[in-house]
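The values are calculated or read from the model by the stated rules, or taken from the named source; none is laboratory data. Not measured: the values here are computed from a predicted model. Neighbour counts run over all protein chains shown; Cβ positions are idealised from the backbone, glycine included. What goes into the accessible areas is simple: the full protein's heavy atoms, side chains included, and nothing from ligands, DNA or RNA. Shrake-Rupley method; radii C 1.70, N 1.55, O 1.52, S 1.80 Å.
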Amino acid sequence: MLELGGGAQPRADLIKDVAEPDFMAEVVEASMTTPVIVDFWAPWCGPCKTLGPQLEAAVTAAKGAVTMAKVNVDEAQQIAGQLRIQSIPTVYAFWQGQPVDGFQGAVPESEIKAFVERVVQAAGGDASGGLDEALDAAEEMLEQGAAVDAAQTFAAILGEEPNNARAYGGMVRAHIAMDDLDQAEAILNGAPAEISSAPELEAAHAQLELARQAANSGPVGELTAQVEADPDNHQARYDLAQALYAKGEGEAAVDHFLEIFRRDREWNDGAAKQQLFTIFEALKPSDPVVLNGRRKLSSMIFA
């Protein structure tokens, strides 16, 4: 695992007591860039007194790859209710505004360390360092439109390290850029089982799904007219959002999916929220479309 930053950070920067009014800023928004592990506890909880220090030690050992928020449920009952905390200790990991992992009750120290490691890996902290320069070069080729050269470079990297998830994901994205979606899917399906659930492959899968949707997207003008005529026509708005994303208008697409979620979050089995997650997963975590979209979605969920 790569260490983030130049050295160990002070405990105050890694582990904080978070009150209810600060939860959005210190957990939801902070997790946009660094995963945040939230320890829901109470002063009267015996197991919390054992789990808390062990969790703090594991977070400190991660040297800034993850931070920790301690939330006293007696003083944060609204947050505990929204997250359906039924017993303590309960631990949730937030990444990019959403809970991504968690557990309840006191667990062995080995499981705590494994949990922290999973959270770090979910945020991309398991990238291989030895081939970073070649991977960065291939990514730059892809960004500049040299998809064929990028694919060749990713293939060469896989020749040296067959289980490199970043290179596999890059190969898929390169073939998507070449509009060879069938080959992209074949590469994705052929990934080794050990890395099949890696974030890089999940992102590539999301990009492939969006690329296939783009091929079937409808006319923006007609769909816009339908939505303007009937703002509660969720299917038309959903189709419009897909068409906008296919045209490269990601921010407008996300806004329409958010509007569906605002009007009826359960419409079509939560299709709008699921599509938002697909877009967030496909784009880079630092992309403004992702940062703004996740922030708006989280504000709706925790309002």
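Here is how the numbers come out for the structure above:
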item: Test result for Glu202, over 20 Å from Ala134 (Cβ atoms), surrounded by 14 or more Cβ atoms within 10 Å (Cβ to Cβ) and touching a residue at least 40 places away in the same chain (Cβ under 8 Å); result: yes
item: Test: residue in segment 146-154 that is over 20 Å from the mean Cα position of the chain (by Cα), surrounded by 15 or more Cβ atoms within 10 Å (Cβ to Cβ) and aromatic (Phe, Trp, Tyr); result: yes
item: Residue in segment 127-141 that is within 30 Å of Gln54 (Cα to Cα) and in contact with a strand residue (DSSP E or B) (Cβ under 9 Å, 6 or more places away or on another chain) present; result: no
item: Residue count, segment 122-137 (criterion: part of a helix (DSSP H, G or I), modelled with pLDDT of 75 or more and under 23 Å from the mean Cα position of the chain (by Cα)); result: 3
item: Residue that is farther than 23 Å from Leu244 by Cβ and in contact with a His (Cβ under 7 Å, 6 or more places away or on another chain), where the choices are Ala147, Ala167, Ala151, Ala193; result: Ala151
item: Yes/no for Val148 being assigned to a loop (DSSP other than H, G, I, E, B) and more than 25 Å from Ser286 (Cα to Cα); result: no
item: Segment 77-119, residues that are in contact with a helix residue (DSSP H, G or I) (Cβ under 7 Å, 6 or more places away or on another chain), closer than 20 Å to Ala25 by Cα, outside any strand (DSSP E or B) and open to solvent by 70 Å² or more (accessible area, probe 1.4 Å); result: Gln78
item: Of all residues in segment 175-198 being open to solvent by 50 Å² or more (accessible area, probe 1.4 Å) and in contact with a helix residue (DSSP H, G or I) (Cβ under 7 Å, 6 or more places away or on another chain), the one that is farthest from Met141 (Cα to Cα); result: Glu185
item: Members of segment 67-76 found to be in a strand (DSSP E or B) and open to solvent by less than 10 Å² (accessible area, probe 1.4 Å), listed by number; result: Met68, Ala69, Val71
item: Hits in segment 218-249 (condition: of a type in the set (Gly, Ala, Ser), modelled with pLDDT under 95 and surrounded by fewer than 18 Cβ atoms within 10 Å (Cβ to Cβ)); result: Gly218, Gly221, Gly248
item: Qualifying residue in segment 59-68 (condition: in contact with a Phe, Trp or Tyr (Cβ under 9 Å, 6 or more places away or on another chain) and farther than 26 Å from Val290 by Cα); result: no
item: Which numbered condition Glu185 misses (of (1) more than 17 Å from the chain's Cα centre (by Cα); (2) outside any helix (DSSP H, G or I)); result: (2)
item: Gly64 vs. criteria within 16 Å of Ala19 (Cα to Cα) and either open to solvent by 10 Å² or more (accessible area, probe 1.4 Å) or small (Gly, Ala, Ser) (or both); result: no
item: Residues that are acidic (Asp, Glu) and in contact (Cβ under 8 Å) with a residue 12 or more places away in the chain, drawn from segment 132-175; result: Glu139, Glu160, Glu161
item: When residues of segment 17-60 are limited to those that are under 26 Å from Pro285 (Cα atoms), more than 19 Å from the chain's Cα centre (by Cα) and free of Cβ contacts under 8 Å to residues at least 12 places away in the same chain, the one surrounded by the most Cβ atoms within 10 Å (Cβ to Cβ); result: Asp22
item: Residues (closer than 14 Å to Pro21 by Cβ, aliphatic (A, V, I, L, M) and more than 25 Å from the chain's Cα centre (by Cα)) located in segment 67-81; result: Ala76
item: Some residue of segment 279-292 being out of contact with any strand residue (DSSP E or B) (no Cβ under 6 Å at 6 or more places or on another chain), more than 19 Å from His205 (Cβ to Cβ) and of a type in the set (D, E, K, R); result: no
